[in-house]
Amino acid sequence: MQRGVPSQGIHKDKVNIVVVGVGGQGLITIGRVLGEACIRRGIDIKVAETHGMAQRGGAVEVFVRIGYGVKAPLVSLRQADYVLATEVLEALRGVRYLNKCGWLVVSDVVLPPPLAKNVPSPTEALNALRSLPINVVQVSAEAIAREVGDFRTVNMTMLGGLTAFIEELLPVNIVAEVVENLLGHVNKRAFLMGYEDVKRKLSSNSFISSKECAESKK
């Protein structure tokens, strides 16, 4: 992966997040966990799922706005600080929401649409992202799912990866406690493994950063 030194965490009192993936991956649950964590933290949160296509296999978008005084739930194009993509190919669609040099936190899970033709490979998808003025970190979600023994934990693994960026607003221990209370120990384990995976990759510069974004932080 390309190396750079872009800003990794948030340094403001509000954050805009867009979660993208496909139906059946538990994207709505991600919003639910964040909502409960914000209540415990005493922070305002607005969540909206706009497409209404949460049936298995359909594209899903969930908008999340966290911070003191947030009101409208929707995130406009190029206004997201983070896009969380639970599926590689959906990341290509979701990046349009990212602001300049925002972070794409993307899974390594691939779920091609049924009967789709000319679907890019995961490598091709990541290569397409390299030319954009964004930062990308890929979470080892498949390996973590195998280790915990449940592929349904991918959503919490990805939430753990996102939490590595927003823990100034939502400390990891608070989110982890919510995950365990709502979803059980296995999901908490996957969440913490996703968190540690991203922290490790950030500390070792194992992420993609466009030249424009890396140079802007020098």
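The values are calculated or read from the model by the stated rules, or taken from the named source; none is laboratory data. Computed from a predicted structure; not experimentally measured. Here the Cβ positions follow ideal geometry from the backbone for every residue, glycine too, while neighbour counts run over all protein chains shown.
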TODO: Would you point out the residue of the stretch 127-144, among those that are more than 15 Å from the chain's Cα centre (by Cα) and in contact (Cβ under 8 Å) with a residue 40 or more places away in the chain, that is farthest from residue 81 (Cα to Cα)?
DONE: 144
Task: Matching residues in the stretch 197-212 - criterion: being modelled with pLDDT of 95 or more and surrounded by 15 or more Cβ atoms within 10 Å (Cβ to Cβ) - done: 197, 198, 199, 201, 202
Open item on the list: Among the residues of the stretch 111-132, are any closer than 23 Å to residue 174 by Cα, β-branched (Val, Ile, Thr) and either at pLDDT 85 or above or in a loop (DSSP other than H, G, I, E, B) (or both)?
Closed with: no
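Does the stretch 71-97 hold any residues that are in a loop (DSSP other than H, G, I, E, B), over 11 Å from the mean Cα position of the chain (by Cα) and under 17 Å from residue 30 (Cβ atoms), and which are they?
Passing the criteria: 73, 74, 75.
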Open item on the list: So residue 178 passes all but one of these: (1) of a type outside the set (S, T, N, Q); (2) assigned to a helix (DSSP H, G or I); (3) within 19 Å of residue 88 (Cα to Cα). Which condition number does it fail?
Closed with: (3)
TODO: Working only within the stretch 89-126, note down all residues that are of a type in the set (Val, Ile, Thr) and touching a Leu at 6+ places or on another chain (Cβ under 7 Å).
DONE: 95, 105, 110, 119
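When you go through 173, 155 one by one, which is the residue that is closer than 19 Å to residue 36 by Cβ and either in a strand (DSSP E or B) or touching a residue at least 60 places away in the same chain (Cβ under 8 Å) (or both)?
155
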TODO: Could you figure out which of (1) surrounded by 14 or more Cβ atoms within 10 Å (Cβ to Cβ); (2) basic (Lys, Arg); (3) modelled with pLDDT under 95 isn't true of residue 189?
DONE: (3)
Open item on the list: Among the residues that make up the stretch 13-34, is at least one of them more than 14 Å from the chain's Cα centre (by Cα), farther than 29 Å from residue 128 by Cβ and at pLDDT 90 or above?
Closed with: yes
Task: Residue that is surrounded by the fewest Cβ atoms within 10 Å (Cβ to Cβ) [pool: residues in the stretch 102-125 that are within 23 Å of residue 213 (Cβ to Cβ) and over 15 Å from the mean Cα position of the chain (by Cα)] - done: 123
